[in-house]
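Working notes for the structure below.
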Amino acid sequence: MRDAVLRWIVQGTLHPGDVLPLDVVVARTGASADTARHALRELCELGVAHADGSGVVIAHPTASNMAETDEIRHILEDVAVRRFVQQATDTQVAALGRAVDAVGEVAAQPDPALDQLVRARDWFFVLMLRTAGLATRDLLRNLRSHAGLVMSLAVAGPGRPGEVVEELRAIHEALAARDADAAIAACDRHRTNSTDAGLKQLGNAP
């Protein structure tokens, strides 16, 4: 159901600022009301939507939101990478490699589920941040509060899942080589490509 909502946004059936009533989700997906409520709560946790007096509303990211988020992510990833290079054990580096492989497995599916791609990609960064000794839950929640919709749609579009895998693999390879500067540059490429891809998906909506 989470994937269905993301695809409705990509297809232009839903737009930023639209209200998504519970009964509409139930009618479109055939899910129970309880399942629909759970999915809507998870979409809010991902920053794709937020709750207000009228119900659940699709997020409406602005250029200033994205600029601020990208700046914060650059600073955060710079710190995380340098700590990872200094502190990570070979076992932790290998775990990060398996996280990339997991993203690749989802991306290799004929029609990969967007929500599965988002979660697999996020797990890669959770591992990197945790290994660096950073509090991942609060950091990711703060980032998603500003740019969760763009971050989620960053995996969508023709060829994009494969690009995400290659971008994450480049980060992992640089970290495995203990090359902080190369890893930071790879993070910057992934972040820029992700922001561009997410905004493009929103711009493609008719």
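Need one number: the % of Cα-Cα pairs in the chain sitting beyond the 29 Å mark.
24 percent
What is the extension gain from Asp3 to Leu134, computed as 0.36 nm multiplied by their sequence separation minus the C-alpha to C-alpha distance, in nm to one decimal?
44.3 nm
May I ask you to evaluate 6.51 cos²θ - 1.76 cosθ + 1.60, the Karplus curve with θ = phi - 60°, for each residue of the range 110-126 and list the ³J(HN,Hα) values in order in whole Hz, giving x for glycine and proline?
My calculation for the range 110-126 gives x, 9, x, 6, 4, 5, 5, 4, 4, 5, 5, 5, 4, 5, 4, 6, 4 Hz in order.
Would you kindly give the portion of the calculated P(r) for the range 2-58 that falls above 16 Å, as a percent of all Cα pairs?
For the range 2-58, the share of Cα pairs beyond 16 Å comes to 33 percent.
Highest mean first, what order results for 124-131, 105-112 on Cβ atoms within 10 Å?
Top to bottom by mean Cβ count within 10 Å: 124-131, 105-112.
In sequence order, what are the phi-derived ³J(HN,Hα) couplings for the range 99-105 according to the Karplus relation 6.51 cos²θ - 1.76 cosθ + 1.60 with θ = phi - 60°, rounded to whole Hz, with x for glycine and proline?
5, 5, 4, 5, 5, x, 5
Using the Karplus equation 6.51 cos²θ - 1.76 cosθ + 1.60 (θ = phi - 60°), what ³J(HN,Hα) coupling, rounded to whole Hz, does each residue of the range 182-189 give in order, writing x for Gly and Pro?
Taking θ as phi minus 60°, the curve returns 5, 5, 5, 4, 5, 4, 4, 4 Hz for the range 182-189.
At His74 and Asp181, where each label point lies 7 Å from the Cα along Cα→Cβ, what is the point-to-point distance in nanometres?
1.7 nm
Would you compute, from DSSP H runs of 4+ residues alone, the mean residue ellipticity of the chain at 222 nm, taking -39500 (n - 2.57) per run and dividing by the full residue count, rounded to the nearest 500?
That comes out to -24500 deg cm²/dmol.
How large is the dipole of the chain about the Cα centre if only Lys and Arg carry +1 and Asp and Glu carry -1, each at its Cβ, rounded to the nearest 20 debye?
260 debye
No lab work stands behind these numbers, since they all come straight from the coordinates. Just so it is clear, the model here is predicted, and its values are computed rather than measured. Cβ atoms come from the backbone with ideal geometry, glycine included; neighbour counts cover every protein chain shown.
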